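Down below is the structure, laid out as C-alpha cells.
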Amino acid sequence: MTDLAGKVVWLTGASSGIGEALAYELAKKGAHLILSARNEKELLRVQSSCAWPERHHILPLDLEHYHALEDIAVRTWEQFGAIDVLINNAGLSQRYLGVDSSLALDERIMKVNFFGTTALSRPLLKRMLARGSGHIVVISSVLGLYGIQTRTAYSASKHALRGYFNSLRNELRRTSLKVSLIYPGYITTKVSQNALNADGSAYGKVDKGHASGLSAEACAMGIVQAIEKDRSETVIAGPKEYLGVLLSRWTPSLFRMLSARAQV
C-alpha cells in the first residue's frame, strides 16, 4: 500500500478532464504536484483550486515536441527534487475513418500519446532506478485492449503503450519500481471536443458515449486507489465498456461482429 502524502507527483494533461480531477484528488491525499499541460492559464486555475495550492507547481508542456522532453525531465528532477510518481495522462483522440486519414494525422496522435509518454518516462525511469524507488502510471484507454471504428490511430497508440509498459514492467521485476496501466472507458471529459477530424480540425462537441460516461471525479478516485494499492492493471469503465473488454478477450469473433455495428 502506497501513502501519497508528501510524495512528489508529476501529472500530465492536468488542465482538464481526468487530469484536473486527478489533481484535486491527489492534492487531498497530501501529494506535492507538478501540473503539466499546454494551457498555462488553465494550469494556474487548477493549481489555485487544489487543496494547499502553495505546495504545487505548474510546468507547461507539449508532448508533441517529444525530442525536447528528456532535457525538460532532467531539469524538472533537478528543480523540484526526486519524482516519486509520474502519471502520464495527456492524450489526443480522433473522430475520423482510417481511409480518410493522412500520415500526418496518425503521426501527430502517435507523437502525443506514445512517443511523448515514453520520451518523458525514460529519463525519469533512469533516475528512479538510481534512487531505488518510483512509480510510473500510464492512463491508457479500454481502446488499448480492443479497437473500434473511427479510432484507428488512437487505438493503435494505446495498444502501443500497453505493449511498451507491460514489457518495461517485466524488465523491472528485480527492482522496487512499479508500473501501472489504467484503462478508462467513456468518461465525461472534453476528449471528444479536442479530438481530431480528418482535416485536422477539432471535433468540437461531446459525443454521446462521453456525455453519458462515468464522471471524471469517479475515474480519478479509481486511479488514485489503483496507485495506492500498487495495481499493475485496472479498468475503470461502465458496464458497456467492461462487456467489450470481456467479449474481446474471451469471444473475439462475437466482439468483432457486435462492435462493427456499434454507433460510435
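Based only on the alpha carbon positions, what is the Kirkwood hydrodynamic radius of the range 8-261, in angstrom?
18.4
Would you mind counting up the charge near Gln94? Only other residues with Cβ under 11 Å from its Cβ, with Lys and Arg at +1 and Asp and Glu at -1.
Net of charged neighbours comes to +1.
For the chain, set up a GNM with springs between Cα atoms under 10 Å and report which of Val85, Val137, Val74 has the largest fluctuation.
Top of the fluctuation ranking is Val74.
Taking only the alpha-carbon positions of the range 1-126 and ignoring solvent, what does the Debye formula give for the base-10 log of I(q)/I(0) at q = 0.19 Å⁻¹?
-1.01
I need the peptides 96-106, 189-199 ranked by packing, meaning the mean over residues of other C-beta atoms within 10 angstrom, with the highest value on top.
Ranked by mean Cβ neighbours within 10 Å, highest first: 189-199, 96-106.
Which order do Leu69, Leu11 fall in if you start with the one that has the fewest other Cβ atoms within 10 Å?
Going from least to most buried by this count: Leu69, Leu11.
Under 17 Å from a label point 7 Å along Cα→Cβ of Ala202: give me every residue in the range 10-34 with its amide N that close.
13-20
Counting other C-beta atoms within 10 Å, which of Tyr242, Tyr164 has the fewest, and how do the rest follow?
Exposure proxy ranking, most exposed first: Tyr242, Tyr164.
Only counting other Cβ atoms within 10 Å, I'd like Phe115, Phe165 sorted with the fewest neighbours first.
Lowest count first: Phe115, Phe165.
Over 21 Å between Cα atoms, which of Lys29/Lys158; Lys178/Lys229; Lys29/Lys205 qualify?
From the list (Lys29/Lys158; Lys178/Lys229; Lys29/Lys205), the Cα-Cα distance tops 21 Å for Lys29/Lys158; Lys29/Lys205.
So between Thr2 and Leu97, what do we pick up on full extension, going 0.36 nm a residue minus the alpha carbon distance?
Between Thr2 and Leu97, full extension yields an extra 30.0 nm.
For the chain, what is the percent of antiparallel DSSP beta bridges, rounded to the nearest 5?
Bridges in the chain are about 5 percent antiparallel.
So which residue, out of Leu61, Leu129, Leu181, gets the largest mean-square fluctuation from a GNM of the chain using Cα contacts under 10 Å as springs?
Top of the fluctuation ranking is Leu129.
How big is the dipole moment of the range 124-264 about its Cα centre under a simple scheme where the beta carbon of each Lys and Arg is +1, that of each Asp and Glu is -1, and everything else is neutral? Debye, nearest 20, please.
Computed about the Cα centre, the dipole is about 380 debye.
Can you give me the C-alpha center-to-center distance between the range 188-230 and the range 85-129, rounded to a whole angstrom?
Cα centres, the range 188-230 to the range 85-129: 16 Å.
Values in this text are rule-based calculations from the coordinates and carry no lab data. Bear in mind the structure is a predicted one, so any value in this text is a computation, not a measurement. Cβ coordinates were reconstructed from backbone atoms using ideal geometry, including for glycine residues, and neighbour counts include every protein chain displayed.
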